[in-house]
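Structure, as structure tokens:
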Amino acid sequence: FAQLWRPHGHMLRRLRTFTRLAKGKKGKKKVASVDLTQLPEGPLKMDCFQLKADQAPVKALPDEEYPEWLWKLADSRPTMTELEENYDRLTMEELTLYFRKKKRELMRKNNADSLRF
């Protein structure tokens, strides 16, 4: 188990967290892993998906029934150097991303400068 200390109001409260260990040879401790990318169709057998006791279990839908934007979340976004190289040919969405990254970069620089003595 791992012990964590977390503040709770004015006192510190001690918490313990446990990890599930895989069965194996005595002395070797390995954490069990599950492939979460492949979900079975039909009712899911994970308790975290059932919000209420009287609610029907959540079913995994076929890929065609999910919206298109959902599949774009896992795609990698262009880096700042890639955006700067193609600045003249950026779409509106890429320009928005560029200015957000530029603003974040300036905030980090200003924060780092303010910490120097």
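Some notes on this structure:
- Cα-derived Rg over Rh, computed across the stretch 69-117 with Rh taken as Kirkwood radius: 1.12
- Label separation (L73 vs R108): 2.4 nm, computed from points 7 Å beyond Cα along the C-beta direction.
No value in this document is a laboratory result; all are computed from the given coordinates. Just so it is clear, the structure is predicted and the values come from calculations on it, not from any experiment. Please note: Cβ atoms are built from the backbone with ideal geometry, for glycine as well, and neighbour counts cover all protein chains shown.
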